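The values are calculated or read from the model by the stated rules, or taken from the named source; none is laboratory data. Note that this is a predicted model, so its numbers are computed, not measured. Here the Cβ is made from the backbone with ideal geometry for all residues, glycine too, and neighbour counts use every protein chain on show.
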Amino acid sequence: MDSPNDIPCPSFPNLPSLAEELASLLTEQNNPATWDIDLADTQRILELINAEDQKVAPAVAREIPAIARAVDRIVEAFQNGGRLIYVGAGTSGRLGILDAAECPPTFGTSPELVQGIIAGGEAAVFRAQEGAEDRRQDGAAAIAARNVSSQDVVCGLAASARTPFVIGALEEAYRRNATTILVTTNPREQVQRMEIARYTHILICPEVGPEVIAGSTRMKSATAQKLILTMLTTAAMIRLGKTYHNIMVDLQPTNVKLRERAKRILMLFANVDYTTAEQTLQEAGWDTKVALLMLLGHLPVDQARELLAQHHGRIREALLRRR
């Protein structure tokens, strides 16, 4: 056979509906560009993978309007005491857990603010738990266990848009009046006809095309999901004042590297020496934003802390009011 188009497609009148559904998904199709990848040498294999990876960012860019709507709902949830909860299976689930785990050290948030749920539980983070993704009731139970409410945002992650665990979770979240989001790499027009769309307020559907290896959604689909999750939380945190200019100033200096980064931030923006930066951080209880406002606004620690609280952690607004 010269190409995937030469594969015979016999008719199977008794083909189960699930098999028909899977066969129709873009994420399950053969990729003509990599049809002969098994004949390629190492460098050519890598060139083919890289060429396909370059299609991911443009696909994500086309979804920015939908991503922006999702960010706005996430910011609203955070401002009203709600949470962002990712739900997925396999690679998708691990990506949600990764993004959630990186928020506290990066932005100084509570571990409760952004959470990740993976089918099969904690063990599935490290080793595949085959069959866990098929238990729809487990997805619903995980949402119920976290007492999800209308204040929360639940983001389902499913490249195929048909993962039962994720459908169950979104259905339960939707029933509880939470805002629901789905990140999938199948076309929006197709996903809108699927059951999962009934329980989803915002669809984010970057079309990355068939995978390098057919059905291996740990490749382009996972890359697209990683980009989008990073955009969701980073944009939300910027909106919440977690950065000053483009520097993350709400970091938790919990180790030597982060303490040194906090000192450099003060030295950069306040034009102070290393010793002054360290002393100010110690006085502020190692709260980088408070220490920065103390130096930029020439304020005692208590006044800086109070002014920052009045302006919901936004340093620029606090400085403008100070002036």
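What to note about this one:
- Options A140, A145, A132: the member that is over 19 Å from the mean Cα position of the chain (by Cα), over 30 Å from R314 (Cα atoms) and free of Cβ contacts under 8 Å to residues at least 12 places away in the same chain: A145
- Criterion: farther than 17 Å from A235 by Cβ, surrounded by fewer than 13 Cβ atoms within 10 Å (Cβ to Cβ), assigned by TED's automatic domain parsing to the domain that holds T163 and at pLDDT 95 or above - qualifying residue of Q43, Q137: Q137
- From the list T180, T233, T223, the one residue that fits, being surrounded by 18 or more Cβ atoms within 10 Å (Cβ to Cβ) and within 30 Å of K289 (Cβ to Cβ), is T233.
Residue by residue, here is whether (1) among the basic types (K, R); (2) touching a helix residue (DSSP H, G or I) at 6+ places or on another chain (Cβ under 9 Å) holds:
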residue	(1), (2)
V154	no, yes
E171	no, yes
R176	yes, yes
E189	no, no
P210	no, yes
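- Number of the condition not met by A144 [criteria: (1) of a type outside the set (K, R); (2) in the same structural domain as M219 (by TED's automatic domain parsing); (3) closer than 24 Å to I228 by Cβ]: (3)
- Residue ID - surrounded by the fewest Cβ atoms within 10 Å (Cβ to Cβ), chosen from residues in region 287-323 that are charged (D, E, K, R) and closer than 24 Å to L258 by Cα: D302
- Scanning region 155-182 for residues that are part of a helix (DSSP H, G or I) and over 20 Å from T91 (Cβ atoms) returns E171, E172, A173, Y174, R175.
- Taking the criterion of being within 31 Å of the chain's Cα centre (by Cα) and over 20 Å from P105 (Cα atoms), the only residue of region 276-298 that qualifies is L293.
- Residue within region 248-262 that is assigned to a loop (DSSP other than H, G, I, E, B) and in contact with a strand residue (DSSP E or B) (Cβ under 7 Å, 6 or more places away or on another chain) present: yes
- Qualifying positions in region 84-105 - touching a strand residue (DSSP E or B) at 6+ places or on another chain (Cβ under 6 Å) and not hydroxyl-bearing (S, T, Y): L84, I85, V87, G88, G93, G96, I97, A100, C103
- Residue among A132, A159, A123 that is surrounded by 24 or more Cβ atoms within 10 Å (Cβ to Cβ), out of contact with any Pro (no Cβ under 9 Å at 6 or more places or on another chain) and closer than 23 Å to R218 by Cβ: A159
- Residue identified as closer than 18 Å to A61 by Cα and either touching a Pro at 6+ places or on another chain (Cβ under 6 Å) or assigned to a loop (DSSP other than H, G, I, E, B) (or both) among T223, T185, T217: T185
- Residues within region 43-95 that are assigned to a strand (DSSP E or B) and among the polar types (S, T, N, Q), tallied: 0
- Hey, A101 touching a residue at least 40 places away in the same chain (Cβ under 8 Å) and either more than 30 Å from H312 (Cα to Cα) or in a helix (DSSP H, G or I) (or both) or not: no
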